[in-house]
Amino acid sequence: MAKTALVVGASGIVGSATAKLLAAQGWTVHGLARRPGEQAGVQPVAADLLDRDATAAALRDLNPDAVFITTWLRQDSEAENIRVNSAMVRNLLDGLPKPTGPRHVALVTGLKHYLGPFEAYGKGALPQTPFREEQGRLDVENFYYAQEDEVFAAAARDGFSWSVHRPHTVIGLAVGNAMNMGTTLAAYASLCRETGRPFTFPGSAAQWAGLTDMTDAGQLAQHLLWAAETEAAHDEAFNVVNGDIFRWQWMWGRIAGWFGVEAAPFDGIVRPLEQQMADDAGVWRAIAEREGLAEADLTRLASPWHTDADLGRPIEVVTDMSKSRRLGFTAYQPTEDAFFSLFEQLRAGRLIP
């Protein structure tokens with residue numbers, strides 16, 4: 001019999017990639033979102049996870065073998081992030097019928113587990129890099145920790161296994177996503193080509209010259225499925241990245257070359273994309289109208305604040321995956337290829353010119 005999955009946040013970067021992989025592997029896939037779109041092989045489930053009763057009603061007939069939690073809602077403060085995002089996980093797990101057989105729940109968080117929340121991002125006493133899973137929680141409030149605690153409490157109550165997955169910045173296809181570096185850089189490069197502006201690295205010298213890594217959404221989807229199906233990976237937390245490392249001083253030129261724009265020399269000055277792209281909404285709308293693009297609203301494609309947060313960090317960030325490797329996960333994805341594949345998808349979908 002085909003296994004059944006519930007993908008929470010199925011319209012996002014990670015959720016859509018996960019739903020696509022599961023469907024291709026023969027799973028029966030239910031995709032939960034506030035406003036589900038059409039996805040091949042995915043049965044839509046409409047629910048607002050902040051509405052406890054409505055969530056329970058939407059889930060009452062489901063008995064999934066695996067649940068993949070890939071969603072969150074950005075708030076104005078970390079206290080609100082904790083309140084809102086922990087409630088979403090709690091309402092989801094409380095709303096699902098108690099499992100009648102084995103069930104696995106996978107939670108996607110990220111490297112803010114080690115770096116701290118946006119209010120204290122990359123500040124204070126941080127663990128040594130490369131980040132390793134045995135490095136404990138920071139002594140700071142963090143909504144990732146609150147989400148984990150909700151999963152742990154529900155697992156103890158209902159008897160399911162769990163896994164936590166901590167990607168670095170995720171590269172993947174989604175529109176309207178709050179954290180989307182790949183599409184942000186694609187929109188920015190397209191705007192630079194349109195206006196003749198140089199393609200200027202927005203971040204810090206530490207990020208420009210230091211080593212880093214990233215996580216392709218397809219790589220993360222494979223990791224989620226592997227953990228769900230691998231008993232040795234149950235009740236464990238994992239880092240998950242592509243498997244290569246690079247320096248932005250190399251990658252920036254590669255991205256510029258793909259778009260046929262000039263990469264400006266880096267002079268060490270931080271020039272955030274939020275400032276560089278502040279007046280570009282009208283330019284993008286004009287490009288979209290001229291080229292017949294599918295999305296004329298730049299804010300639906302670009303999330304400069306998030307790209308600035310990642311590229312502006314004052315420390316080198318690399319991630320260790322030895323724990324997964326020892327347990328048998330060997331998938332590898334070159335980050336350059338992940339970017340180029342995304343750009344091709346964006347162009348084919350008429351999301352960039």
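The values are calculated or read from the model by the stated rules, or taken from the named source; none is laboratory data. Given the structure is predicted, the values throughout are model-derived calculations rather than measurements. Because the Cβ atoms are built from the backbone with ideal geometry, glycine has one as well, and the counts that use them run over all protein chains shown. What goes into the accessible areas is simple: the full protein's heavy atoms, side chains included, and nothing from ligands, DNA or RNA. Shrake-Rupley method; radii C 1.70, N 1.55, O 1.52, S 1.80 Å.
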* How do the pairs read when you match residues in the stretch 155-176 that are in a helix (DSSP H, G or I) with residues anywhere that are among the basic types (Lys, Arg), using Cβ under 7 Å and keeping only pairs 6 or more apart or on different chains? -> 158/98
* When you look at residue 126, is it in contact with a Leu (Cβ under 7 Å, 6 or more places away or on another chain) and surrounded by fewer than 22 Cβ atoms within 10 Å (Cβ to Cβ), yes or no? -> yes
* Structure fact -> Matching residues in the stretch 269-293 (hydrophobic (A, V, I, L, M, F, W, C) and either loosely packed, with under 14 Cβ neighbours inside 10 Å or closer than 30 Å to residue 314 by Cα (or both)) number 7
* **Residue ID - most open to solvent (accessible area, probe 1.4 Å), chosen from residues in the stretch 211-262 that are β-branched (Val, Ile, Thr) and within 12 Å of residue 336 (Cα to Cα)** => 245
* All positions within the stretch 70-119 that are without any contact (Cβ under 8 Å) to a residue 24 or more places away in the chain and either charged (D, E, K, R) or open to solvent by less than 10 Å² (accessible area, probe 1.4 Å) (or both) -> 76, 80, 83
* Asked: Scanning the stretch 183-227 for residues that are aromatic (Phe, Trp, Tyr) and closer than 28 Å to residue 353 by Cα, which turns out nearest to the chain's Cα centre (by Cα)?
  -> 188
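Residues are listed down the side, and each one gets a yes or a no for (1) in a strand (DSSP E or B); (2) modelled with pLDDT of 95 or more; (3) outside the structural domain of residue 253 (by the TED database); (4) among the hydrophobic types (A, V, I, L, M, F, W, C):
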| site | (1), (2), (3), (4) |
| --- | --- |
| 179 | no, no, no, yes |
| 190 | no, yes, no, no |
| 220 | no, yes, yes, yes |
| 224 | no, yes, yes, yes |
| 238 | yes, yes, yes, yes |
* Kindly state which strands (runs of 3 or more DSSP E) lie completely within the stretch 1-106 and contain at least 1 residues that are closer than 17 Å to residue 155 by Cβ, of a type in the set (Asp, Glu) and touching a strand residue (DSSP E or B) at 6+ places or on another chain (Cβ under 8 Å). => none
* Tell me, which residue of the stretch 151-210 that is surrounded by fewer than 22 Cβ atoms within 10 Å (Cβ to Cβ) and among the β-branched types (Val, Ile, Thr) is farthest from residue 116 (Cα to Cα)? -> 195
* Asked: How many of the residues making up the stretch 245-273 are under 21 Å from the mean Cα position of the chain (by Cα), closer than 18 Å to residue 192 by Cα and among the β-branched types (Val, Ile, Thr)?
  -> 1
* To do: Look through the stretch 161-182, keep the residues that are β-branched (Val, Ile, Thr) and touching a strand residue (DSSP E or B) at 6+ places or on another chain (Cβ under 9 Å), and return whichever of them is nearest to residue 308 (Cα to Cα).
  => 169
* Scanning the stretch 296-353 for residues that are open to solvent by 30 Å² or more (accessible area, probe 1.4 Å), modelled with pLDDT under 95 and of a type in the set (A, V, I, L, M, F, W, C), which turns out nearest to residue 173 (Cα to Cα)? -> 305
